[in-house]
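Notes for the one structure printed next.
The values are calculated or read from the model by the stated rules, or taken from the named source; none is laboratory data. In this text the structure is predicted, and so the values were computed from the model without any measurement. Every residue, glycine as well, gets a Cβ built from its backbone with ideal geometry; the counts of neighbours run over all protein chains shown.
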Amino acid sequence: MKITVYGKQMAVRESLKEAIAKKLSKFDRFFGEDAEAQVTCRVRKGDKILEITIPYEGTTYRAEQEGETFLTALDRAVDALDGQIRKNKTRLEKRVRSGAFVTASFEDDDEYVEEGKFELRVKKIPLRPMFTEDAILQMNLLDHSFFVFTDAETGKTEVVYKRKDGGYGILVPEG
């Protein structure tokens, strides 16, 4: 697996890059040699934050964790990715073969826009037709609370989201 390590407003030490490569090597058995992992390291209010994104065969795997050190955050992120893969293994095997997911690398698409008193983070994502179940699975893999997609049956843009009660909801436009 090819690993690219970014530091947002910081330089990443070589020892951390080596630790990341060693920890992510455990996923070589799941991902092929053509997989590319993007790891972003940043510091926010003293906390070390590490984000791992792996787009592979149309599915995006993502984990973001924070800790007192980058190594702690790395351990947590690797555990989170491993848990995602184990939890969704059967669904993933079925869906990855059918190519139902969006391939997206969000790292280079970020823009920051000042609008009034708010700083907005703008992400551009491709909208491809998928079924609601696929959208929910992709949302869970990205560890987001919502996911925008185009419904494969209706062709409308819809949003699935996690409810506070642990269930899921869907926003469907009228008209």
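Only residues that are surrounded by 14 or more Cβ atoms within 10 Å (Cβ to Cβ) and either in a loop (DSSP other than H, G, I, E, B) or among the hydrophobic types (A, V, I, L, M, F, W, C) (or both) were counted in region 8-37, giving 11. The residues on offer are Phe149, Phe101, Phe118, and the sole one that is at pLDDT 55 or above and assigned by TED's automatic domain parsing to the domain that holds Glu51 is Phe118. Of all residues in region 61-83, those satisfying the criterion of being surrounded by fewer than 18 Cβ atoms within 10 Å (Cβ to Cβ) and either small (Gly, Ala, Ser) or modelled with pLDDT under 90 (or both) are Gly67, Ala80, Asp82, Gly83. Within region 139-175, count every residue that is of a type outside the set (A, V, I, L, M, F, W, C) and farther than 27 Å from Glu51 by Cα. Residues flagged as of a type outside the set (A, V, I, L, M, F, W, C) and farther than 27 Å from Glu51 by Cα within region 139-175 amount to 9.
Considering (1) modelled with pLDDT under 75; (2) more than 16 Å from Lys8 (Cα to Cα), the lone condition that Glu33 does not fulfil carries the number (1).
Do you know which residues across region 2-20 are without any contact (Cβ under 8 Å) to a residue 40 or more places away in the chain and under 21 Å from Leu142 (Cα atoms)?
Step one: filter region 2-20 for residues without any contact (Cβ under 8 Å) to a residue 40 or more places away in the chain, giving 2-5, 7-15, 17-18.
Within region 2-20, Lys2, Ile3, Thr4, Val5, Gly7, Lys8 meet the criteria.
Scan region 41-79 for residues that are without any contact (Cβ under 8 Å) to a residue 24 or more places away in the chain and part of a loop (DSSP other than H, G, I, E, B) and the total you get is 4.
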